[in-house]
Every structure is written in structure tokens, then in C-alpha cells.
Amino acid sequence: MINIKSPGTFTSAGVLSAFAASLCCITPVIALLAGSSSIAANFSWIVPARPYLIGLSIAVLALAWYQKLKPAKTKDMDCNCDTTKKPSFLQTKTFLGIVTLFTILMMTFPLYAKMFYPKPKVQVAIVAAVDNKQQVKFTIQGMTCEGCEEHVNNELSKVAGVIAFKTFYATRSSLVTFDKSKVDVKTIEAAINKTGYKIKSYDFMKASNTAVAFYEAPLVCHAAPSIGCGSKAKFLLIDLEQNKDAVEGAWLNKKGTIVVVKWNASTDENRKSEIIEKITANHNIELTASTQKEAANYAKSFPNSNEWFKGKEVDELSKEEAGIIANNTIASYKAKNLIKPGFEKQFQADIEKIYADLFLSITSYKDLNNEAYNKVEEQIQAAGEKYAGKGKMPHVELCIAPEQSCEKDKSCSPGRGKSCCDKEQ
């Protein structure tokens, strides 16, 4: 009969639950080493239960250590025989320590799983005719960690005609550039399916041989949701244009949803990827290539000056944002009966200028912090006192909205600091 209070019982349960928690990442490695990739994604269904399995592992091992370390109870014995027996190695603290270390290694396996995958083989540089280059984005089911990325990349590296690839387990996708005169999408799809992960769908991206590339970007102005955030986009576009060896120009659409990069004709795919990844990291903004269909739609209006803003031209959006914030701020003041109709328009113009000066004077979007907005508060207070009289302008604390829409108060300005969204109930 199994003694559930035995440290050995807890030890076994801890090892099994830890192993199960990482089985989704262990299986692909075993499959790769065994040359049977088809089983790689068989345990991806375990992923939702992983946190619970890890919690179970920690709990049972804690109980095992408690049972091992608690003082032994002395019992009255009716015989004079020697009852002290030397425990076996499996019952020692040393063995429990080894098991604990093994369990930790199992629980953290996804963090270092990729080291077991061979580096993708570097193919001889492929020189493809410009018209033959094509890019496709695959949506993949079953990937759960960085090890899965390496597994897919390893198979893609073996496909003749594939020029470049980038796999992301977080978005369950792989972006592949290939020479369509040497390989087709079905062959690439089959290579990915060979890993055991399954292709859910794929989309052809904007043709890479075109100098103009469209990227989806989260640059909508939260204080003025109908336009792009000029103060945030400005420095991203400037950074793109500083790569003069590769970039001719960079634009933002008026809605703040699309960034356009016009690449130099000589810029190769690796250089493009390098620049986009660097910009994404430096500005903490994900730039995602548009599909071919979406890009064709955007190209209909590009580069119409009314819809697209190049580099520093986004200052016009910042000025428009300042006007919208001023209008909403005055509306908020009026709702609280804090201003008189006699000086409303001039006060609104002052507020607009204060915000415009702020947006156009910063040297980095990070300058829009609490200190900057506190200064704006003081300037608006002083501007109001010109009309209401010294000391007669009620103090109203301005708010900085977090990086999300503030539905309750559209006068909130985007930035990093205190939130006003929950201030008025």
C-alpha cells in the first residue's frame, strides 16, 4: 500500500508534474533527435495546464522537504531490539536535492530548449531575379516556446529557394521570403508541417521587390483617436530616415495606423529586417508588414500629402492634436462651470499653444512625462488667471492617460504617468 505521507511519494509526484509541464517543449527536441518530427506538437494541448502543473510540482516538493526535515517523533517501543536502520540512498536528503534540481530543470526547460536545436544551415547566398522574390506569412498551430521557433527555422533552412525566414512563437507565425522560380508555397508549407506543427493559413505579403513597403503600426493618438500621434511617430520616422544607406524616406498615414518605408533599390531583405527590428526595439512599437492585398489598398492614396506625412511633417498632426486637446479641455471646464463665456475662445487658443509648444519642443517621446505635464498645468493655470484674475482661476489637475483609450475623458493626453480615466465615476 502506498504511503501518501512518504517523501518518496511527493518526490515522484513532483518529478512527474514538472516533466508533464514541459512536455510540450521536450517532445519536439526528442522528435528532432529521433528523426521523427511528426510527433513534435502532439503535446501542445498541455500548454494551458502548464502553470497548474508547475504549481503542483512546487507544492509536492515542498511537502517532501517538510516530511524529510521535520523532527522525527519518538515512540515507546515494547521491545529492546535496535530499530534504527540506515536509510537507503533513495530516502536521503541528497537524493531529494538531486530530484529537486532535476525538477527545476524540467520546469524551466522552455527557457533553454533552443540550445538543443542545431543552428539553421546557412545556404549559399541566393541571387534571385527581382520579379521572382516573394514573401509569405504562415500562421502556425502548436508552437509554445522559442524551441518551437528553432524547430521550424531548422526545417526552413533545408528548403532550396528559401531566401530568408523569421519565426515567432508569440504570434504563432513565420515570415518567409523565397525565390518563386525555385520553390513554391506548397513546398514550404510541407516543410513546416513536417515539424509536427500545422499551417492554419498563409497570406502573401507586399512584394519585396517593390521599393515602397507598408507596415501596420499602433500610433493612433489616444487623446485624439481620429489622427496619428505626431509626437510619438516623429522620432520613429526620423530614426528610419537616418539609415540613409537603405531608406529614402518614411511616412505615417493620418490615422496613425500605417508606417510606409521607401527602401533604396539596393537594400537587401536582411538589411530591411535588421532596420525594422532595431526600430521596433528602440521605440517599443511593433511594425508588422501588411499583406499584399492591404498594401495594394494603401498604395492607392500614397503619397497623397493630405493622407501621408513624411518625417518631420507629422508636426502638423501634433498641432492638430493640441487643438483637439484644447477643445476637449475647455469642454471639460465648461461642464464644471469653471470658466466664463467671455474669455472661453482666447483661453482655448492659449491652451492649444501651450500643448503645441510642448509637442514641438521635445527631443524624444520620453520627454512627455509627469514633469512636462506638471509644467503644462502651471502654464494653463497662469493663462486662466489672465482672464479670471490672480488667484481666481480654480486649480484643475490635468491628467495623463495610460497607453490605452480613455473612454471617460477624451481630454486626457497620452503619456506615461497618472491616469485620469477612473477619476470621475
If we take the range 150-232, then strands (runs of 3 or more DSSP E) inside it with 2 or more residues that are surrounded by fewer than 23 Cβ atoms within 10 Å (Cβ to Cβ) and of a type in the set (S, T, N, Q) are 173-179
Based on this model, can you work out whether Ile163 counts as under 28 Å from Thr267 (Cβ atoms), of a type in the set (A, V, I, L, M, F, W, C) and touching a Ser or Thr at 6+ places or on another chain (Cβ under 8 Å)? yes
Within the range 379-394, residues being out of contact with any helix residue (DSSP H, G or I) (no Cβ under 6 Å at 6 or more places or on another chain) and either modelled with pLDDT under 80 or surrounded by fewer than 12 Cβ atoms within 10 Å (Cβ to Cβ) (or both) number 6
Would you call Leu398 in contact with a Pro (Cβ under 6 Å, 6 or more places away or on another chain), modelled with pLDDT under 85, more than 30 Å from Val261 (Cβ to Cβ) and not in a helix (DSSP H, G or I)? no
Just a yes or no: is a residue in the range 270-293 among the hydrophobic types (A, V, I, L, M, F, W, C), touching a residue at least 40 places away in the same chain (Cβ under 8 Å) and in a helix (DSSP H, G or I)? yes
The range 308-318, residues that are surrounded by 16 or more Cβ atoms within 10 Å (Cβ to Cβ) and either of a type outside the set (Phe, Trp, Tyr) or over 28 Å from the mean Cα position of the chain (by Cα) (or both): Lys310, Gly311, Val314, Asp315, Leu317, Ser318
Tell me, which residue of the range 269-312 that is of a type in the set (Val, Ile, Thr) and under 18 Å from Gly230 (Cβ atoms) is modelled with the highest pLDDT? Ile279
Kindly check whether there is at least one residue in the range 365-383 that is out of contact with any Gly (no Cβ under 8 Å at 6 or more places or on another chain) and within 28 Å of Ala213 (Cβ to Cβ). yes
Just name the residue that is surrounded by the fewest Cβ atoms within 10 Å (Cβ to Cβ) out of those in the range 335-365 that are assigned to a helix (DSSP H, G or I) and of a type in the set (Ser, Thr, Tyr). Ser361
Only one of (1) outside the structural domain of Val259 (by TED's automatic domain parsing); (2) within 20 Å of Leu236 (Cβ to Cβ); (3) of a type outside the set (Gly, Ala, Ser) is not met by Phe302, so which one is it? (1)
Kindly indicate whether any position in the range 248-262 is at pLDDT below 90, buried (at least 18 other Cβ atoms within 10 Å of the Cβ) and in contact with a Pro (Cβ under 9 Å, 6 or more places away or on another chain). no
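Given the options Glu241, Glu286, name the one that is surrounded by fewer than 14 Cβ atoms within 10 Å (Cβ to Cβ) and either among the aliphatic types (A, V, I, L, M) or outside the structural domain of Tyr365 (by TED's automatic domain parsing) (or both).
Glu286
The values are calculated or read from the model by the stated rules, or taken from the named source; none is laboratory data. What you see is a predicted model; the values in this text were computed from it and never measured. Neighbour counts run over all protein chains shown; Cβ positions are idealised from the backbone, glycine included.
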